[in-house]
Amino acid sequence: MRAAVVTAFGSPARVEERPVPQPGPGQVLVRLEACGLCHTDIHAMHGDWPVKAHLPLVPGHEGVGIVEELGEGVTTRRVGQRVAMPWLGHACGECRYCIDGRENLCEKQFNNGYAVDGGYAEYMLADARFAVPVPDNVTPLDAAPLTCAGVTTYAAIKNARITPGETVAVFGIGGLGHLAVQYARLVGAKVIAVDVTEEKLELATELGADFVVNARREDPVQAIRNLGGADAAIILAVAPAVFGQAFDALNRGGRLVLVSLPAEGTLTVPIFDTVLKGISIIGSIVGTRQDLAEVFALHAAGRTRVITETRELQQVNDSVDEVLAGTVPARLVFMYHTADLVPEGDGSGGGR
Ligand code: ZN
Ligand code: ZN
């Protein structure tokens with residue numbers, strides 16, 4: 001099988017031939033159809049964060065594909081089923097977080113495309129329990145961005161505890177932001193989309209944003225205040241200035257929801273304003289399997305639109321450059337042509 005492999009942080013990925021892995025107990029082997037390129041993959045490839053990815057690394061945590069083989073003891077997934085492999089590749093199932101519905105905070109979790117090989121390959125292994133079923137009427141191309149960008153913004157909107165009629169400002173319209181706008185609309189919020197690129201703001205309008213603010217052309221704090229201020233600000237951009245702007249644009253009782261992860265950064269907030277205005281600062285990290293199931297269900301019901309452009313795995317390094325240059329409208333998705341790789345006859349895996 002072909003896989004994009006990073007052997008040193010900061011060096012380009014190399015697409016190489018690798019043997020198809022064998023599923024161990026509790027695992028499934030998935031023949032991938034698609035995998036989105038999330039900004040986190042670039043941080044993983046660059047070794048940007050304090051906890052590093054394992055090397056050599058196959059990145060990717062928006063993998064979607066078909067279960068091809070079941071490891072020993074797997075009874076909850078079946079061969080031929082379409083599943084998605086999100087960032088949360090495994091959680092312990094026993095700790096207080098797992099038990100009370102916050103498995104995304106499990107301290108024993110491991111992450112696809114980071115601690116274990118991910119979806120930049122034609123096949124991957126997954127913990128069967130964390131390979132989330134994809135409904136039949138959600139295409140792999142749409143399912144891939146929903147697997148991280150979708151679940152992450154969906155959970156952020158949940159964590160912002162929005163009531164209908166409140167105003168939500170979404171900072172950064174891209175792979176995540178274009179979905180955040182839609183989830184904010186779905187919970188009944190008025191949505192202000194903030195970005196520095198006119199095309200992205202046009203996309204936000206098309207997807208239902210009530211107002212747009214081009215932060216390059218006008219002061220976003222003033223613009224949002226002129227619109228009545230924000231009750232929640234969802235930060236999906238990484239520019240340092242955005243965090244202060246979002247804070248200053250909040251109304252009393254406002255929620256500042258941090259999602260993006262700049263390579264480094266410290267948030268400084270005025271204590272006086274935070275206390276007097278009753279501001280909450282909330283960190284929101286991906287979502288649970290249940291959140292992802294809800295994201296898929298909403299999409300299957302026709303409530304969301306996913307904006308993508310497809311790429312070949314061979315173009316992995318150019319695709320990273322495109323994302324870093326900010327020239328991609330929303331999400332890039334690697335598509336795999338693995339239908340012709342399915343072994344004929346005995347299923348022994350020969351010739352893959
Ligand atoms: Zn991601
Ligand atoms: Zn746990």
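The values are calculated or read from the model by the stated rules, or taken from the named source; none is laboratory data. Quick caveat, the model's predicted, so the values are computed rather than measured. Positions of Cβ are generated from backbone atoms using ideal geometry, with glycine treated the same way; all protein chains shown enter the neighbour counts. Just so you know, the surface numbers come from the protein's heavy atoms only, side chains and all, with ligands and any DNA or RNA stripped out. Shrake-Rupley method; radii C 1.70, N 1.55, O 1.52, S 1.80 Å.
Some points to look at:
- Looking only at the range 259-284, residues that are within 20 Å of ALA330 (Cα to Cα) and in contact with a helix residue (DSSP H, G or I) (Cβ under 6 Å, 6 or more places away or on another chain) come to 1 in all.
- Restricting VAL181, VAL194 to residues that are at pLDDT 95 or above, in contact with a Gly (Cβ under 7 Å, 6 or more places away or on another chain) and among the aliphatic types (A, V, I, L, M) narrows the list to VAL181.
- Among the residues making up the range 1-33, those that are part of a strand (DSSP E or B) and more than 18 Å from ALA128 (Cα to Cα) are ARG2, ALA3, ALA4, VAL5, VAL6, ARG14, VAL15, GLU16, GLU17.
- The range 255-311 - residue that is closer than 30 Å to VAL134 by Cα and without any contact (Cβ under 8 Å) to a residue 60 or more places away in the chain and, of those, surrounded by the fewest Cβ atoms within 10 Å (Cβ to Cβ): GLY302
- Every residue from the range 161-183 that is aliphatic (A, V, I, L, M) and open to solvent by 30 Å² or more (accessible area, probe 1.4 Å): LEU176
- Scanning the range 231-250 for residues that are part of a strand (DSSP E or B), touching a residue at least 40 places away in the same chain (Cβ under 8 Å) and within 17 Å of ASP273 (Cα to Cα) yields a count of 3.
- Here ALA237 meets each of (1) surrounded by fewer than 21 Cβ atoms within 10 Å (Cβ to Cβ); (2) modelled with pLDDT under 95; (3) within 21 Å of ILE157 (Cα to Cα) with one exception, condition (1).
- Residue match in the range 48-68 (condition: in contact (Cβ under 8 Å) with a residue 60 or more places away in the chain, in the same structural domain as LEU125 (by TED's automatic domain parsing) and of a type in the set (Lys, Arg)): no
- Subset tally (residues that are within 16 Å of ligand 1 (Cβ to nearest atom), open to solvent by 40 Å² or more (accessible area, probe 1.4 Å) and charged (D, E, K, R)) for the range 7-48: 1
- Listed by first and then second residue, the pairs linking a residue in the range 85-103 that is without any contact (Cβ under 8 Å) to a residue 12 or more places away in the chain to a residue that is within 9 Å of ligand 2 (Cβ to nearest atom), with Cβ atoms under 6 Å apart and 6 or more places separating them unless they lie on different chains, are TYR97/LEU105; TYR97/CYS106; CYS98/ALA91; CYS98/CYS92; CYS98/CYS106.
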